[in-house]
Every structure is written in C-alpha cells, then in structure tokens.
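Everything below concerns the one structure shown next.
The values are calculated or read from the model by the stated rules, or taken from the named source; none is laboratory data. Treat the numbers as computed from the prediction; the structure is a model and nothing was measured. For neighbour counting, all protein chains shown are included, and Cβ atoms are generated from backbone atoms with ideal geometry for every residue, glycine included.
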Amino acid sequence: MKWTARKIKALKGKLKVASVTAYDTLSAQYADEAGFPLILVGDSLAMTVLGYETTLPITMDEMVHHTVAVSRGVQCGLVVADMPFMSYQGTTEHAMENAGRFIKEAAADAVKIEGGALRVELVEKLVANGIPVLGHIGLTPQSVKGTGGYAMQGKTDEAARELLDDAFALEGAGAFALVLECVPAELAQKITDSITIPTIGIGAGLHCDGQILVFTDVLGMGNGHVPRFVKKFADLKPQIQQALSNYKTEVDLGTFPLDSAKKKETT
Ligand code: KIV
C-alpha cells in the first residue's frame, strides 16, 4: 500500500506515525523495507551527508537531486521533501515554483516547511494546489542565525502559547501533520491533544502522535554532533571503520583477493 498524506493524517489517535529521514536510494530502500509510513528527505542532509556546518547553504538543486534518489528507492512510504532555506521565505510565487519542482522533478509526495502562523498563506496556497504540507515548529534549524542556537523552544508561558497558536494556525491552513522539534514534553502533549492532525516529535517527548529521527543517528554512523534525545538503535560507525580497515590491511598484505590456485584449495 502506498501511503498518502490523507492516510497519514487519518492515523491520529489510532497508530503512531513512525518516521525517519533518508538521503539516497539505499537509505530510502532500507527505510521503506522497514515499513516507515513517512520518509523525509530532510535538509539535515546538508550536515549529515554533504559536510556543511548548518542546513542553511543547501540549495534547491541539491535537495531535488537527493529527493529524486530517495523517490527511486521508495514504494510505500510518503516521500516528504524538505524545502531548503530561502526557497519559500520570499514570495509565494517563488515558493510555489520550488515546491512544484519537488513534485514534478523529484516525485515527492509532499513538502515540509519550517515556521508557524507566518506560513499560513503559503500553506493554504500549496494545499489548495494539491501539494500536501508537513509543518515544522519548535526548534527550526533554518532560523539558527536569528535564534542564536539549537536550544529547546517553548519554555516560557508566552513562548508555549505562541507555539500552540502556530499549531492551530498550521492545522487551519491545511497541513496534514506537524513536526514538533525540541519542545518540552508537556507542551508537546498539550499541542498533540489540542489539534486534529498528527504531531511528529523529535526531542519532544513520548506523547506525540509519531516520532522522527535522522537516519545516521538511528544507526550510529554519523560523524557530527548527536543530540541528547537521540537513541542509537545500532552502533555502525565502529563496524564500518573496522570492515574498511580489514579490507585495506588485506590489500596491503596481499592476502586479498585469494589467488585462483588457493581459491581452488579452499573450495
Ligand atoms: O532536516 C531534518 O532532518 C528534519 C527532521 C529532523 C525533522 O527537519
């Protein structure tokens, strides 16, 4: 069964929305085979795979290139493309064109945009034109220059009220679900209980309607900083390093490949 934005929205109150990022065909195939209903081509790609220091420099062309690769690897999951910094913050026309590229050129099923009430007009227009939108509030890494860091959001009463208002605004505008990043668990629970679309948490506690993590963090294969809320479900980095080192040693020693005479002896 192919997941649609509508089907994911309908999971609210019934089943959790397990979600993960993917950045290329191989990671997408693994995620899809594991049965994730939502697979995000996150702009975290900038930092996890492309070596940028923040998500800000990644371009539309880079995001489209990787989304094409992810779409090739996915049969069932909903492929959501993350709109990169400055691809939607300008005019609505510019944002519409960029969102359209993800659907037309990269076979994405939906787009994700960061921001709350500020994005209402754009979300309404995208949805009215048949492009499902995943909202994203709380810690929004594309605003790191303005906010000054990657700290937990919504800690004061006023900030919590603003986030709740943002969630209502995005729900009203037609977003099919909402990422809540780095907000206190009690606030995430309050937002989750207050809106009719699924919340997908990352560093937002247990009470969201779903969870999302970054592919390389889940597998313990990343090289960069890993946030405290992440659980590594495997620790692949040392295994990968060991395997590569073993291969190199065998090449250096001349023990790989076996020459054909020796191969016959061992078979
Ligand atoms: O870019 C990304 O990977 C994300 C998720 C962490 C939600 O935005």
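If you go through segment 120-155 and pick out every residue that is part of a loop (DSSP other than H, G, I, E, B) and touching an Asp or Glu at 6+ places or on another chain (Cβ under 9 Å), you end up with 5. Scanning segment 98-116 finds one or more residues that are over 16 Å from Ile212 (Cβ atoms), of a type in the set (S, T, N, Q), surrounded by fewer than 24 Cβ atoms within 10 Å (Cβ to Cβ) and touching a Ser or Thr at 6+ places or on another chain (Cβ under 6 Å). Does at least one position in segment 131-152 carry a residue that is charged (D, E, K, R), under 29 Å from Arg228 (Cα atoms) and without any contact (Cβ under 8 Å) to a residue 12 or more places away in the chain? Looking for residues that are charged (D, E, K, R), under 29 Å from Arg228 (Cα atoms) and without any contact (Cβ under 8 Å) to a residue 12 or more places away in the chain, one finds none in segment 131-152, hence no. Checking Glu158, Glu162 one by one, the residue that is assigned by TED's automatic domain parsing to the domain that holds Leu126, within 15 Å of Thr140 (Cα to Cα), of a type in the set (D, E, K, R) and surrounded by fewer than 19 Cβ atoms within 10 Å (Cβ to Cβ) is Glu162 and no other.
Residues checked against (1) within 22 Å of Asp24 (Cβ to Cβ); (2) in contact with a helix residue (DSSP H, G or I) (Cβ under 7 Å, 6 or more places away or on another chain); (3) part of a strand (DSSP E or B):
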site	(1), (2), (3)
Glu171	no, no, no
Ala204	no, yes, no
Ile212	yes, no, yes
Arg228	no, no, no
Val251	no, no, no
Thr255	no, no, no
